[in-house]
Each structure stands twice: as structure tokens, then as C-alpha cells.
Amino acid sequence: MIKTVFFTAISLIFFYIIWINNFFAHKEKYEMPAQYARIAEDVKSYAREGKQLFEQNCQACHSVRYDSVYISAVQANPKLKTLQEKYGKVLPKDVYEGVFNEDLMALKESFGKVPPDLSTIYLVKGKEYLFNFTLEPQKVLPGTSMPAVMTGRPEETAKIVAYLKSVSEPTPEEKSKRVLMGIGTIAYLVVMGILIWLWKGKILKRMGLH
Ligand code: HEC
């Protein structure tokens, strides 16, 4: 009985951490006014506009490979189309960085490093960090070579964050598939647990121990 309670509690804590709230994850606090947080969260309403703003303000330096958005210099390169016919719209990382090395190195020349691809940045840094960093890079990361391109435009910045969130998220179909798989796995474990428990009782009885 104690064992059952113990293992149930451990399983519940485990799923709580991986699904609901990972309290081990490192979180830094950055302020974000509620009105902009709401925009950044609302992928459905703002991701499309955010993408256009990204193209205008960020694409000169940053790619979002998972959304087949490449830096402007690459986007203008006729090689891109040929490569996409061969590898699909989302080019493999090594192909992208290999073929367009010169364009990426030109940015490194100007900024001291290649501006990072932003496909997964939302998952890594979260909306508060992205919002504050994009709005005022020097304040968040003193000495960074990223120029302040969104000064005084918090609303548009929040829309860009909504776009970056949309890229980091699985599609709705993918999401419901994952939920189904989760439920299936737990149901399987529960059924197996009950069967084993029943079977154990039967064996013990047969051995005359029950
Ligand atoms: C003129 C080039 C340029 C433009 C335009 C630009 N960035 Fe950057 N960005 C950089 C460089 C260079 C870095 C690397 C800075 C560093 O590590 O110090 C960077 C880094 C970043 C990072 C990573 C920060 C971190 O903590 O590692 C984010 C996020 C980012 N940029 C978002 C944006 C967004 C959003 C826009 C458009 C609003 C944008 N950038 C426009 C050059 C640019």
C-alpha cells in the first residue's frame, strides 16, 4: 500500500514537471507590460503581421530556418531556389551554412559574430527576454553588437515575438497527436498495472500464500 502511494506520487510529480511547470528550469525575470504580453501570446491574431515586421526589421541579419526565412542576402541569391528544389523548403543546417558561408561571414565581418538563427529562440529565451532584448539590446546585453532597430516601437516588437512564438510551436494537428499519444501511454500503463496486480494475486493464491 505504501509502495503504491509512493510510486503514484512520484509519477504525478514527474508528469507535472515535464508537462505543466518545470520548476527546475532556469528562469530570469524580465518585465513585460501586460498589454504587450497579450499581443506576444496571441499567435493567431499577430503572427502574420509579426512575420512582415520581421522581414522588414530583422531579416537583413537573422534567419528563421524552420520557417524557410533566410537572411536577405541569401534570399536574393538565385542558388537558393535550386537548393530548395533539391532539399525542400527548409534547407538542412549544414547545407545552408556551407553554401551561403560567404554571406554569413560578411555579417560576421560587420558584427563580430554571425547573428543567430531565431527558429528556436522563443523556446530558449521566452517572450519577456525577447521583447526586452529586441527593444533595448544594450540594456539587456551590455556590449552586444546587435543594433537597436525597434526603439520606441513596443507594439510592433511584441508582434515580432508572436511570430517567433508561432515558429517554435507545433501545428495544431501535431499538438493534438501528441496529447493523444500521452493519453494512450498513460492508459497503457494503467491497464498493464492492473493486469499485473491481478495476476500477482492469482499466483500467490495458487502458491497457497494468500
Ligand atoms: C544589423 C543586424 C541585425 C539586425 C537588423 C537585427 N539583429 Fe538581432 N542580432 C544581431 C547580432 C550581431 C546578434 C548577436 C549579438 C550578440 O551575441 O552579442 C543578434 C542577436 C539577436 C538575438 C539573440 C540574443 C541573445 O540573447 O543571444 C535575438 C533574439 C535577436 N538578435 C533578435 C532580433 C530581432 C527580433 C530583430 C528585428 C527586430 C533583430 N534581431 C535585428 C544583429 C542584428
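Observations
- Residues located in segment 108-127, provided they are buried (at least 18 other Cβ atoms within 10 Å of the Cβ) and either part of a loop (DSSP other than H, G, I, E, B) or over 14 Å from the mean Cα position of the chain (by Cα) (or both): VAL114, PRO115, ASP117, LEU118, SER119
- Residues (farther than 22 Å from PHE15 by Cα and open to solvent by less than 60 Å² (accessible area, probe 1.4 Å)) located in segment 181-207: GLY201, ILE203, LEU204
- Of the criteria (1) open to solvent by less than 90 Å² (accessible area, probe 1.4 Å); (2) within 21 Å of SER168 (Cβ to Cβ); (3) at pLDDT below 95, which one ILE18 fails: (1)
- Count - residues of segment 82-135 that are of a type in the set (A, V, I, L, M) and near the ligand (Cβ under 10 Å from one of its atoms): 7
- Remark: ILE186 matches the filter, which requires a residue to be outside the structural domain of GLU49 (by TED's automatic domain parsing) and in contact with a helix residue (DSSP H, G or I) (Cβ under 9 Å, 6 or more places away or on another chain).
- Extreme residue, surrounded by the most Cβ atoms within 10 Å (Cβ to Cβ), among residues of segment 54-79 that are more than 16 Å from the ligand (Cβ to nearest atom) and touching a residue at least 12 places away in the same chain (Cβ under 8 Å): ASN77
- Failed condition for VAL140, given (1) modelled with pLDDT under 95; (2) more than 11 Å from the ligand (Cβ to nearest atom): (2)
- Number of the exception - VAL90 against (1) open to solvent by 80 Å² or more (accessible area, probe 1.4 Å); (2) β-branched (Val, Ile, Thr); (3) at pLDDT below 95: (1)
- Within segment 93-107, if we keep just the residues that are touching a helix residue (DSSP H, G or I) at 6+ places or on another chain (Cβ under 9 Å) and open to solvent by less than 70 Å² (accessible area, probe 1.4 Å), the residue that is nearest to VAL69 (Cα to Cα) turns out to be TYR96.
- Residues located in segment 40-53, provided they are open to solvent by less than 50 Å² (accessible area, probe 1.4 Å) and over 12 Å from SER166 (Cα atoms): LEU53
- For TYR188, the stated conditions hold: it is within 26 Å of TRP19 (Cα to Cα), of a type in the set (Ser, Thr, Tyr) and more than 20 Å from the chain's Cα centre (by Cα).
- Restricting segment 150-180 to residues that are assigned to a loop (DSSP other than H, G, I, E, B) and away from the ligand (no atom under 16 Å from the Cβ) leaves a set whose member that is surrounded by the most Cβ atoms within 10 Å (Cβ to Cβ) is GLU169.
- Among (1) in contact with a Pro (Cβ under 7 Å, 6 or more places away or on another chain); (2) aliphatic (A, V, I, L, M); (3) within 16 Å of ILE71 (Cα to Cα), the one test that LEU164 misses: (1)
- Selection from segment 44-53 of residues that are of a type outside the set (Lys, Arg) and away from the ligand (no atom under 11 Å from the Cβ): SER45, TYR46, ALA47, GLU49, GLN52
The values are calculated or read from the model by the stated rules, or taken from the named source; none is laboratory data. Values in this document were obtained by computation on a predicted structure and should not be read as measured data. All Cβ positions, even for glycine, are placed from backbone atoms using ideal geometry, and neighbour counts span all protein chains on display. Note: accessible area is taken over every heavy atom of the protein model, side chains too, but ligands, DNA and RNA are not part of it. Shrake-Rupley method; radii C 1.70, N 1.55, O 1.52, S 1.80 Å.
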